[in-house]
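The values are calculated or read from the model by the stated rules, or taken from the named source; none is laboratory data. Predicted, not measured: the structure shown is a model, and the values here were computed from it. Cβ: placed from backbone, ideal geometry, glycine included. Neighbour counts: every protein chain shown.
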Amino acid sequence: MKIAWQNCSSLNDAEAVLFGVASSEESLYAGSEKAPQAIRAASLKYYSGSTLTGKRFVLHPESGPIKKKLYDIGNVFKDEVTEFVARIVGLHKLPVMLGGDHSCTLNALKGLASAHKRFSIVYFDAHLDMVASEGSFYGSVLSDASKLKQLKLSKSACIGFRAFREEELKSAKKNRLLLVPASKLEELSVAKVFSMIKERVCKNVYLSIDIDVIDPALAPGVSDPVAFGLTPLQLCSLAKKLAKLKLIGLDIVEVNPKRDKNDLTTALAAKLLAEILASLK
Ligand SMILES: [Mn+2]
């Protein structure tokens, strides 16, 4: 099964390459390994509608048709992600990753570091993922990534968080990350937070979206739900604005179909992906 928005038939022709990582090995919970296929399945519902006469027609995202040539290459093993991303970026194509638990982002960042001397990350998450006392799991992604000299944490942002250990907040502040907790986004508005991010980041930006950044009432299919999250529209509006920056890669991670209700979260992730793809510059 391919993502519904695939619009070219070979890696050669692609400008953006979508791949899944069917892994939840660095999570305390099983389920996110099923996300890439579940999101692909959900995408088909948004793609075409049929009329009473039986004619099928393509449904575009709100942001309009997807202009970038997108190719869905299938799933990649987690321990191959670094090399795969390095290869895609070497071919001047945009890597688009569907997790998997959030630790697959670290592998993607390592791949990007081979091609980019200097880049930022905009990190949407209910958690800070800055645990340094334990490493190499879904809660230590940013502290593990801080060891990459190409990734400039002081030029990066954490958006929508509301659960963290004391050591994580200390470390985030020490690394001079731009910190916008969920309640602050609500207070300031999407437009204001976007301008804060834009002022902070380097030219090259990686976008990482942990779907648990959304309120679990609206996206229940996650491993580690935390109340008082973003609304889907807040996330989508901000992500669409970020898509206009010079993105060097993006991911949507931590969808857990095993914990979902009526496929709400997989459907949300699929639609979010479409809106971002349609907004890419
Ligand atoms: Mn995370």
Inset, instruction - Tell me which residues, restricted to the stretch 152-167, are within 16 Å of the ligand (Cβ to nearest atom) and under 23 Å from Leu242 (Cβ atoms). - result: Leu153, Ser156, Ala157, Cys158, Ile159, Gly160, Phe161, Arg162, Ala163, Phe164
Inset, instruction - Looking only at the stretch 135-146, decide whether some residue is within 30 Å of Tyr71 (Cα to Cα), within 11 Å of the ligand (Cβ to nearest atom) and not in a helix (DSSP H, G or I). - result: yes
Inset, instruction - Among the residues of the stretch 244-259, write down those that are farther than 16 Å from Leu106 by Cβ and away from the ligand (no atom under 16 Å from the Cβ). - result: Lys244, Leu245, Lys246, Leu247, Pro257, Lys258
Legend entry - Pair list, Cβ < 8 Å and 6+ apart or interchain, from the stretch 224-248 residues that are within 14 Å of Leu277 (Cβ to Cβ) to residues that are in a helix (DSSP H, G or I) and within 16 Å of the ligand (Cβ to nearest atom): Cys236/Leu272; Ala239/Leu272
Inset, instruction - Under 6 Å between Cβ atoms, at least 6 apart or on separate chains: pull out the pairs that start in the stretch 102-128 with a residue that is over 17 Å from Ile211 (Cβ atoms) and touching a residue at least 12 places away in the same chain (Cβ under 8 Å) and end on any residue that is assigned to a loop (DSSP other than H, G, I, E, B) and within 16 Å of the ligand (Cβ to nearest atom). - result: Ser120/Ser156
Legend entry - Qualifying residues in the stretch 159-206 (those that are touching a strand residue (DSSP E or B) at 6+ places or on another chain (Cβ under 7 Å), within 16 Å of Ser237 (Cα to Cα) and not β-branched (Val, Ile, Thr)) - the one surrounded by the fewest Cβ atoms within 10 Å (Cβ to Cβ): Met196
Inset, instruction - Mind listing just one residue for me: the one in the stretch 113-133 that is near the ligand (Cβ under 10 Å from one of its atoms) and among the aliphatic types (A, V, I, L, M) and, of those, nearest to Lys173 (Cα to Cα)? - result: Leu128
Legend entry - Residues of the stretch 63-99 that turn out to be touching a Lys or Arg at 6+ places or on another chain (Cβ under 9 Å), modelled with pLDDT under 95 and over 18 Å from Leu245 (Cα atoms), as a count: 0
Legend entry - Filter pass, Ala270 being in a helix (DSSP H, G or I) and crowded, with 24+ Cβ neighbours inside 10 Å: yes
Inset, instruction - Would you check if there is a residue in the stretch 121-135 being aromatic (Phe, Trp, Tyr) and modelled with pLDDT under 95? - result: no
Inset, instruction - Check whether at least one residue in the stretch 17-40 is more than 19 Å from Glu254 (Cα to Cα) and within 19 Å of the chain's Cα centre (by Cα), and report yes or no. - result: yes
